[in-house]
C-alpha cells in the first residue's frame, strides 16, 4: 500500500508550502505522474458499451446482453484514428451507469462474455492502443443501476463488487495510466464518498498500480483551487463545467464529445460534428496552456467501428495540431484530499450570523451555501461539535471569497482548548495537515478580515498515514 505523509505546516493551495518542510517522496511521485498526464495533452475518450445499442446514454438497466453485438469490432481502427489526430492516449468505458461490463469479469453475468460477441473488449482495446504506442486509461462507473447500486440501497456486497471489479481491471490488463471514475458524489448519482468509501477505493487502486492516477468526475460540486477526491481536476464541458484558463494552477482534464452526445446514436453518420478548427483553437491550445489535458470523446458505432465522418474530423485535427512536447512545470506539493469529512452535518455553533445564513450552512456539504458572520461582530468564530472525541489530522476552510486574513484553529480535548499548529494564510481555500490529535470539538477564531467572514465548508478529516 502506498504510504501517505502529512505536512506539519500549512499547505497553501497556491502551491506554496509554509515553513521549511520539504515535500515528501510520495508528493514528488504524484507530481511527476500529474505532469506526465498533462504532457500527454490530448487523447480519445471512447464511450462504447451497451448504451451504443440502445440510442440512449442511459438504457434500460435490464436490457438483454444479446443486444451487444459489434460484429466488426476493430480497436486497432480506433487507435489509428487517435494517432491520425496526434492523440497520445485512449480511455474506454469499461462499465457505464447501467452496469454492463465489457471485460471478462467474474463478478456478474451481465458482461460481454455472455453477449453474442463473446470477446473481452477491454483486452482488445488495451492491446491495440499499446501496439500503436498510445497510453491506456480506463473509465469506470460507481453507479450501477443493473446491480441496484444506487442511493439508499448500497450494501457491503456492492462495495465488495466494486473492489473486485477494479482489482480485475488493474490486474489483468497491464499498466493503466489513469482510472476515470464517474457516478460518485455527483448531484445526479447521489452516491456519497461515505456510501462507497473513497479512501478505501483510492488506496486499493494505488496498492494495485502505484502509477495509476485516480480521476473522479466531481468538479460540479467541489471548488476550484484544491484536489478534493481526485488526483486530476476534471471538467465535463457538456455539464457546464468550465476551467478558469487564466488562473488554474492544478493538473486538469477537460472532456467534450466530438458528436452530439457521449454514446453513438443512429443519426451520427450524417450528423454535423464539432469543427476541427474550433476544437483545436478553442479547446486543445488554450486548455493545454492552463495545465489541462483535453479528452475528445469519439463514439464507435454498433459494428464496433468509428464512422467515416468522425475519422475525417480526426484526420483534420491532426493536420491542424501537433503535440510539441511537455507543458510548463506544475507547482509541486499538492496532495488530494481522500478521506471522509467527519465535520459534515455535525452540530455547529457560531458567533452572530448574518440574516438567514446561520452556522448550519458552514458544514452542509454544499459549497454553494455559506455561514456568514454578522457585520457588527468584531471577533467571529465557528465551531463544530463531534459529541465525542475523534482522531483527525487535517482541516480545510473554504470561503466564498478570500476575506479571512488571520485566524487560529483549536480543538477541545478533555475539556481543554488547545491550539493546532496552523499558520494563517490567504487564498479562498486553506488546507492544514498536522500530526493526528483527538478532540471532541474544532473551532476557528477569526482575528482579521477584509469583509465580514463567510465559510462555505469547514472540513475535518482523519487521513490514513499508511
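The values are calculated or read from the model by the stated rules, or taken from the named source; none is laboratory data. Quantities reported herein were computed from a predicted structural model and do not represent experimental measurements. Cβ: placed from backbone, ideal geometry, glycine included. Neighbour counts: every protein chain shown.
Within the range 175-288, considering only strands (runs of 3 or more DSSP E) that don't extend past its boundaries, which have at least 3 residues that are farther than 21 Å from residue 429 by Cβ?
178-182, 252-257
Pick from the range 110-119 the residues that are touching a helix residue (DSSP H, G or I) at 6+ places or on another chain (Cβ under 8 Å) and not in a strand (DSSP E or B): which of them is farthest from residue 172 (Cα to Cα)?
116
Restricting to strands (runs of 3 or more DSSP E) lying wholly in the range 385-466: which have 2 or more residues that are under 25 Å from residue 203 (Cα atoms)?
Because the criterion is at least 2 residues that are under 25 Å from residue 203 (Cα atoms), the strands (runs of 3 or more DSSP E) in the range 385-466 that meet it are 429-449, 457-461.
Among residues belonging to the range 120-140 that are touching a helix residue (DSSP H, G or I) at 6+ places or on another chain (Cβ under 7 Å) and not in a helix (DSSP H, G or I), point out the one that is surrounded by the fewest Cβ atoms within 10 Å (Cβ to Cβ).
132
Out of curiosity, is residue 73 crowded, with 21+ Cβ neighbours inside 10 Å, at pLDDT 95 or above and within 29 Å of residue 319 (Cα to Cα)?
For residue 73, the condition - crowded, with 21+ Cβ neighbours inside 10 Å, at pLDDT 95 or above and within 29 Å of residue 319 (Cα to Cα) - is not met.
Which residues, taken from the range 125-141, are within 30 Å of residue 196 (Cα to Cα) and touching a strand residue (DSSP E or B) at 6+ places or on another chain (Cβ under 6 Å)?
Step one: of the range 125-141, the residues within 30 Å of residue 196 (Cα to Cα) are 125-126, 135-141.
Correct list: 125, 126, 135, 137, 138, 139, 140, 141.
Looking at (1) surrounded by fewer than 17 Cβ atoms within 10 Å (Cβ to Cβ); (2) in contact with a helix residue (DSSP H, G or I) (Cβ under 8 Å, 6 or more places away or on another chain); (3) farther than 27 Å from residue 174 by Cβ; (4) in contact (Cβ under 8 Å) with a residue 40 or more places away in the chain, find the lone condition where residue 220 falls short.
Residue 220 satisfies every listed condition except (4).
Of these, 333, 325, 318, which one is on the phi > 0 side of the Ramachandran plot, surrounded by 14 or more Cβ atoms within 10 Å (Cβ to Cβ) and touching a residue at least 24 places away in the same chain (Cβ under 8 Å)? Give the steps one after another, and end with the answer.
Working: 325 fails: surrounded by 14 or more Cβ atoms within 10 Å (Cβ to Cβ); 318 fails: on the phi > 0 side of the Ramachandran plot.
Exactly one of 333, 325, 318 is on the phi > 0 side of the Ramachandran plot, surrounded by 14 or more Cβ atoms within 10 Å (Cβ to Cβ) and touching a residue at least 24 places away in the same chain (Cβ under 8 Å), namely 333.
Just checking, which of 341, 309 is modelled with pLDDT of 95 or more, under 28 Å from the mean Cα position of the chain (by Cα) and under 30 Å from residue 38 (Cα atoms)?
Step by step, each of 341, 309 is checked, and only 341 is modelled with pLDDT of 95 or more, under 28 Å from the mean Cα position of the chain (by Cα) and under 30 Å from residue 38 (Cα atoms).
Within the range 290-300, can one find any residue that is in a loop (DSSP other than H, G, I, E, B), within 18 Å of the chain's Cα centre (by Cα) and buried (at least 23 other Cβ atoms within 10 Å of the Cβ)?
The answer is yes, given that some residue of the range 290-300 is in a loop (DSSP other than H, G, I, E, B), within 18 Å of the chain's Cα centre (by Cα) and buried (at least 23 other Cβ atoms within 10 Å of the Cβ).
Out of 94, 171, which single residue is closer than 24 Å to residue 36 by Cβ, in contact (Cβ under 8 Å) with a residue 24 or more places away in the chain, within 22 Å of the chain's Cα centre (by Cα) and surrounded by fewer than 16 Cβ atoms within 10 Å (Cβ to Cβ)?
171
Could you tell me how many of the residues in the range 76-91 are surrounded by 21 or more Cβ atoms within 10 Å (Cβ to Cβ) and over 16 Å from residue 36 (Cα atoms)?
5
From 162, 180, 201, 154, grab the single residue that is in contact (Cβ under 8 Å) with a residue 40 or more places away in the chain and out of contact with any strand residue (DSSP E or B) (no Cβ under 6 Å at 6 or more places or on another chain).
Of 162, 180, 201, 154, the one residue that is in contact (Cβ under 8 Å) with a residue 40 or more places away in the chain and out of contact with any strand residue (DSSP E or B) (no Cβ under 6 Å at 6 or more places or on another chain) is 154.
State the number of residues belonging to the range 55-75 that are over 22 Å from the mean Cα position of the chain (by Cα), farther than 30 Å from residue 39 by Cβ and assigned to a loop (DSSP other than H, G, I, E, B).
Residues that pass the stated criteria total 14.
I'd like to check something: does the range 441-462 contain any residue that is more than 24 Å from residue 357 (Cβ to Cβ) and more than 30 Å from the chain's Cα centre (by Cα)?
no
Filter the range 146-166 for residues that are in a helix (DSSP H, G or I), more than 19 Å from the chain's Cα centre (by Cα) and over 16 Å from residue 98 (Cα atoms) and give the result.
156, 157, 160, 164
Taking the range 349-377, which residues are without any contact (Cβ under 8 Å) to a residue 60 or more places away in the chain, surrounded by 16 or more Cβ atoms within 10 Å (Cβ to Cβ) and in a strand (DSSP E or B)?
Passing the criteria: 350, 353.
Would the range 103-120 turn up any residue that is in the same structural domain as residue 78 (by TED's automatic domain parsing), within 22 Å of the chain's Cα centre (by Cα) and without any contact (Cβ under 8 Å) to a residue 60 or more places away in the chain?
Step one: filter the range 103-120 for residues in the same structural domain as residue 78 (by TED's automatic domain parsing), giving 103-120.
This time we only want the ones that are within 22 Å of the chain's Cα centre (by Cα), so: none.
No; the residues of the range 103-120 include none that is in the same structural domain as residue 78 (by TED's automatic domain parsing), within 22 Å of the chain's Cα centre (by Cα) and without any contact (Cβ under 8 Å) to a residue 60 or more places away in the chain.
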